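Below: one structure, written as structure tokens.
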Amino acid sequence: MSGGFEATDDPRHVSQPETSACLIATVRDEGPWLLEWIAHNKAVGFTNIVVASNNCTDGTDAMLDRLMELGVLRHIDNRPPYDISLQDTAYGKARQCPEVARSEWIMFLDADEFLNIHAGEGTLSDLIALQPETAEAIVVSWRLFGDSGLTHWTDDPVCETFTRCEEKPGRHDCFKTLFRNHEKYQRFTPHSPYSEPNEDAPLLSEIVTTDGRRVRRDLFQQGKPASKLHRNRRHWKGAQVNHYIVKTRDVFDLKKARGRAAKKSKGRHTAEFFRTMNKNEAEDRSIQRTAATRADILASFKSDPELVRLHRETAEILKDRIQSRSS
């Protein structure tokens, strides 16, 4: 990668990273939200970002190419053939990237998932500092965010637009994992790393929740990838993943036509799914604690005319698709 630019020279907002961490993601047609999502990830402290795209029809892949030219991230054009699944193939390719190899910590987040750290100044270093030194994996629970009463999409920041969410942990007990990068894991999966059960392979020394509480050491060695916590371990102390899974109804309805990267999608884009996941009982603006840094980084992206043009094109494509569907 070549080129690049700094987010800001203002020392009030940006400090030198203390933790080497890599974010890995798979995306398709996420152009209107892409720049904010990447700016947020850099604001919380991800020093490396690897994004695999597949079958984009809105220009998301072109945006990722431009961001790679600018030195912001690594873009993988994840074309078939696929191994086990599209996602498995993407994660396998990501694992070969130098950005992953040189990172001490790794996490998988989708483009509608924003890591929201409550500890310290809201950075990865602050979250890791809360944990025992022996911790090798930190599980971070989802918090579902709804449409905040909005019905129509506008090209406005996700973090500022959608502030209503579930009031307390419910039955949606999924998590994402921030974990140390080592060879104990044979596979990467969307929610967690994974190792086949093996008596000769040592278990992780410590898996914790975001407040440092230990969970069972074999969580990632159960014969299948782990994605959920026991109810009494789900909480939002220390950090949470803001999951903007529905956004507005018109955007949600387009997801059915787009399809999913995961193998299982039955019941995913139904009216019942929207009703269940559209949580608006409480208000949470805690993600705004990193707003200044996020805004600085986003402004640096928007200083590039080509990136601005590509973003506008993806937004216009989304707007046209929404109008076509409603007409």
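The values are calculated or read from the model by the stated rules, or taken from the named source; none is laboratory data. Values in this document were obtained by computation on a predicted structure and should not be read as measured data. Every residue, glycine as well, gets a Cβ built from its backbone with ideal geometry; the counts of neighbours run over all protein chains shown. Keep in mind that these areas ignore ligands, DNA and RNA; they rest on the heavy atoms of the full protein, side chains included. Shrake-Rupley method; radii C 1.70, N 1.55, O 1.52, S 1.80 Å.
Worth pointing out:
- Options ALA101, ALA137; residue that is in contact with a Lys or Arg (Cβ under 8 Å, 6 or more places away or on another chain) and under 19 Å from PRO193 (Cβ atoms): ALA137
- Pairs meeting the criteria (first residue in segment 306-326 and farther than 10 Å from GLY59 by Cα, second residue open to solvent by 80 Å² or more (accessible area, probe 1.4 Å) and outside any helix (DSSP H, G or I), beta carbons under 7 Å, at least 6 apart or on different chains) are lacking.
- The listed residue being open to solvent by 30 Å² or more (accessible area, probe 1.4 Å) and modelled with pLDDT under 95, out of PRO157, PRO169: PRO169
- If you filter segment 176-221 down to residues that are aromatic (Phe, Trp, Tyr) and not in a strand (DSSP E or B), you find that the one that is modelled with the highest pLDDT is TYR185.
- In segment 133-151, the residues that are at pLDDT below 95 and open to solvent by 40 Å² or more (accessible area, probe 1.4 Å): GLU133, THR134, THR151
- Within segment 264-279, residues that are at negative phi and open to solvent by less than 60 Å² (accessible area, probe 1.4 Å) sit with their Cβ atoms under 7 Å from residues that are modelled with pLDDT of 90 or more and assigned to a loop (DSSP other than H, G, I, E, B), at 6+ positions apart or across chains, in these pairs: PHE274/VAL246; MET277/ILE245; MET277/VAL246; ASN278/GLY146; ASN278/ASP147; ASN278/VAL246; LYS279/GLY146; LYS279/GLU166.
- Qualifying positions in segment 46-75 - farther than 21 Å from GLY92 by Cα, open to solvent by 30 Å² or more (accessible area, probe 1.4 Å) and assigned to a helix (DSSP H, G or I): ALA62, ARG66, GLU69
- Members of segment 128-160 found to be of a type in the set (A, V, I, L, M) and under 15 Å from SER286 (Cα atoms), listed by number: LEU144, VAL158
- Condition check for GLU316: closer than 24 Å to HIS40 by Cβ, modelled with pLDDT of 95 or more, over 23 Å from the mean Cα position of the chain (by Cα) and not aromatic (Phe, Trp, Tyr): yes
- Residues within segment 96-115 that are open to solvent by 30 Å² or more (accessible area, probe 1.4 Å) and closer than 14 Å to PRO190 by Cβ, tallied: 1
- Pairs are defined by a Cβ separation below 8 Å, a sequence spacing of at least 6 or placement on different chains, a first member in segment 93-114 that is under 18 Å from LEU64 (Cα atoms), and a second member that is among the small types (Gly, Ala, Ser) and at pLDDT 95 or above; the pairs so defined are LYS93/ALA52; ALA94/ALA52; PHE108/ALA25; LEU109/ALA25; ASP110/ALA25; ALA111/ALA25.
- Selection count, segment 285-325, where residues are outside any helix (DSSP H, G or I) and among the charged types (D, E, K, R): 2
- Among the residues of segment 284-315, just one is surrounded by 15 or more Cβ atoms within 10 Å (Cβ to Cβ), among the charged types (D, E, K, R) and either touching a Lys or Arg at 6+ places or on another chain (Cβ under 6 Å) or under 18 Å from THR248 (Cα atoms) (or both), namely ASP284.
- Condition check for LEU127: part of a strand (DSSP E or B) and crowded, with 19+ Cβ neighbours inside 10 Å: no
- Against the conditions (1) under 23 Å from HIS182 (Cα atoms); (2) crowded, with 19+ Cβ neighbours inside 10 Å; (3) free of Cβ contacts under 8 Å to residues at least 60 places away in the same chain; (4) of a type in the set (S, T, N, Q), ASN78 satisfies every one except (1).
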